[in-house]
1. So which of K15, K39 ends up being out of contact with any Gly (no Cβ under 7 Å at 6 or more places or on another chain), closer than 25 Å to T120 by Cα and of a type in the set (K, R)?
2. Just checking, which of K39, K4 is on the phi < 0 side of the Ramachandran plot, open to solvent by 50 Å² or more (accessible area, probe 1.4 Å), within 14 Å of the ligand (Cβ to nearest atom) and touching a His at 6+ places or on another chain (Cβ under 9 Å)?
3. For the range 71-98, which residues satisfy the criterion of being open to solvent by 40 Å² or more (accessible area, probe 1.4 Å) and within 21 Å of D36 (Cα to Cα)?
4. Applying the selection to the range 7-36, what residues are in contact with a Pro (Cβ under 8 Å, 6 or more places away or on another chain) and within 13 Å of the ligand (Cβ to nearest atom)?
5. Do we find a residue being open to solvent by 40 Å² or more (accessible area, probe 1.4 Å), within 16 Å of the ligand (Cβ to nearest atom), in contact with a helix residue (DSSP H, G or I) (Cβ under 9 Å, 6 or more places away or on another chain) and not in a helix (DSSP H, G or I) anywhere in the range 44-53?
6. Provide a single number: the residues in the range 7-41 that are within 16 Å of A110 (Cβ to Cβ), among the basic types (K, R) and over 12 Å from the mean Cα position of the chain (by Cα).
7. So how many residues does the range 42-68 have that are of a type in the set (S, T, Y) and at positive phi?
Amino acid sequence: MIRKGEKLYSVLCQKCPRCHEGNMFSHPVWSPRFADMNKNCPVCGLDFIQEPSYYFGAMYFSYAIQVAVFVLVYLLLRYTTNPDTWTYVLYMVLGAVVILPLNFRISRAAWINLFISYKTR
Ligand SMILES: [Zn+2]
């Protein structure tokens, strides 16, 4: 079980990497404003945007997650229906679109967790 104090908790729940209490994002993940981030942690005040273009490196995590989704979709289709090539492409694109908000948030949370550690008060 993932507990507060572990980096995985902060990443998967998109909580502040320092206090694990404040939300990094201001709206729910499946809302049209899923990408809106809080500028600072509402609990401890940590600056979520450390410098301009800070989350550029989050695309590495995003890429890895997307490849995992592609592989998962491929394996599911391959061992269930084994459709034609364009059906694979269609479902992979659908998978990418559906997972986009969660991928975006988890990638950013993972990126900031590389540089900031949990601190108990
Ligand atoms: Zn915080």
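The values are calculated or read from the model by the stated rules, or taken from the named source; none is laboratory data. In this text the structure is predicted, and so the values were computed from the model without any measurement. Cβ placement follows ideal geometry from the backbone for every residue including glycine, while neighbour counts extend to all protein chains displayed. Only protein heavy atoms, including side chains, enter the accessible area calculation; ligands, DNA and RNA are left aside. Shrake-Rupley method; radii C 1.70, N 1.55, O 1.52, S 1.80 Å.
1. Working: K15 fails: out of contact with any Gly (no Cβ under 7 Å at 6 or more places or on another chain).
Result of the check over K15, K39: K39.
2. K4
3. V97, V98
4. S10, G22, N23 - these are the residues of the range 7-36 that are in contact with a Pro (Cβ under 8 Å, 6 or more places away or on another chain) and within 13 Å of the ligand (Cβ to nearest atom).
5. Checked against the condition, which is being open to solvent by 40 Å² or more (accessible area, probe 1.4 Å), within 16 Å of the ligand (Cβ to nearest atom), in contact with a helix residue (DSSP H, G or I) (Cβ under 9 Å, 6 or more places away or on another chain) and not in a helix (DSSP H, G or I), the range 44-53 yields at least one hit.
6. 2
7. Number satisfying all stated conditions: 1.
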